[in-house]
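The values are calculated or read from the model by the stated rules, or taken from the named source; none is laboratory data. The structure displayed is predicted, hence computed values, not measured ones. Backbone-built Cβ (ideal geometry, glycine too); neighbour counts: all protein chains shown. Only protein heavy atoms, including side chains, enter the accessible area calculation; ligands, DNA and RNA are left aside. Shrake-Rupley method; radii C 1.70, N 1.55, O 1.52, S 1.80 Å.
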Amino acid sequence: MGDKANLLADQLKRVQGEIDSVFDAFLPVPQDTRARLVEAMRYAAIGGGKRVRPLLLVSTAELFGVDRTAALRAGCAVEAIHVYSLIHDDLPCMDDDDLRHGKPTVHKVFDEATAVLAGDALHALAFEILADQDTSADPFTRSELMMTLGTASGMKGMAGGQMMDMVADDEGIEYDLHSITRLQQLKTGALLAASVEMGAIMGKVAPEGRAHLRAYSRDIGLAFQIADDLLDVSGDEAKAGKALRKDESQGKQTFVTLMGAEKAREQASALVDQAIGHLASYGEEAETLRALARFVVERDR
């Protein structure tokens, strides 16, 4: 187990450095009055985050012999969407957070208008990267990558899930377990699932050949959110690098409030076992994906 944990730690550290380098190359600071915008984008995108989504994409792509540099570009596109969502999520009109990844949020360091534009520009950058021939020489692959990420980001994915969450807060709606599961499959799970799907797309795996990978990503997406809910209740703010206990103070319905902490923890563990089972047809080449599934419930941030 120790060797596997070390393997994942090494892989995470490697991909963190690689994604930082890709962002650095895409975001040179211009010598004009756009500089503040790009500095805000760089502040949010470089030097923070676990980079779970890019590692999911790269590790899936490597199962099918995809060039790592190309996969990292696609991983950077997914991370650009994730980072933009965090910038906007932290704004006063949304969750109103002062801390992200252990440092002040973008609107605190710059200003709200710059934070909005930085999120907008990162959203656009994601699709600029995927449309580039350096990401894939095949136009059909590029198109499918953009379709997958666009769907996972919009009303059928992350933004839709965020809206469900906001409406529940604003109107005092109490979701049942089925509705909370649906909400989190959109808000959190969609982008994780897209990361795995995009790795398979780059590997030219036909849609009907991705069922086991979709099942894997669906299970880890739910486990990831259950772990987040557990961390919000019992985690260490210093390790998390952000404010915790907010769900409880706002009276939000979560997996923990609906199931209780013990059952939620058992469910997350069962989902991880199930996710790993979906990778049974692979050997050692899928060990990073298996380790990522375990990491989802064992992490402390």
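Rounded to the nearest 10 Å², what accessible area does Tyr175 have for a 1.4 Å probe in the complete protein model?
Number for this one is 40 Å².
If Asp229, Asp10 are ordered by their accessible area, calculated over protein heavy atoms with a 1.4 Å probe, which sequence runs from highest to lowest?
Numbers: Asp229 5, Asp10 100 Å².
Most to least solvent-accessible, the answer reads Asp10, Asp229.
Which length gain, in nm to one decimal place, applies between Ser269 and Met166 when the Cα-Cα distance is subtracted from 0.36 nm times their residue separation?
Numbers: separation 103, 0.36 × 103 = 37.08 nm, distance 2.82 nm.
Extending this stretch completely gives an extra 34.3 nm.
Hey, got the dipole for the chain? About the Cα centre, +1 on K and R Cβ, -1 on D and E Cβ, debye to the nearest 20?
Details: 33 positive and 48 negative charges, 110 e Å.
Here the chain has a charge dipole of around 520 debye.
Express the carbon and sulfur contribution to the solvent-accessible surface of the stretch 68-202 as a percent, rounded to the nearest whole number, probe 1.4 angstrom. Don't skip to the end; give the middle numbers.
Details: 3170 of 5640 Å².
Percent of accessible area from carbon and sulfur atoms in the stretch 68-202: 56.
Over the chain, give the accessible area per residue in Å² for a 1.4 Å probe, as an integer.
So the chain comes to 45 Å² accessible per residue, rounded to a whole number.
Using modelled amide H (1.01 Å from N, peptide plane; none on Pro or chain starts), what sits under 5 Å from the amide H of Arg100, excluding residues fewer than 5 places away?
Amide H to amide H, under 5 Å and 5 or more residues apart or across chains, Arg100 pairs with Thr105.
Which net charge results for the neighbourhood of Ala40, defined as the other residues with beta-carbon distances under 14 angstrom from its beta-carbon, given Lys and Arg at +1 and Asp and Glu at -1? Don't jump to the answer; show the numbers that get you there.
Numbers: positive: Arg34, Arg36, Arg42, Arg100, Lys103, Lys108; negative: Glu39, Asp90, Asp111, Glu112, Asp120.
With Lys, Arg at +1 and Asp, Glu at -1, the net is +1.
Restricting to Cα pairs below 8 Å that are 6+ residues apart, what does the relative contact order work out to for the chain? Please round to a whole percent. Before the final figure, lay out the partial values.
Values: 412 pairs, mean separation 58.8, N = 301.
After rounding, I find 20 percent.
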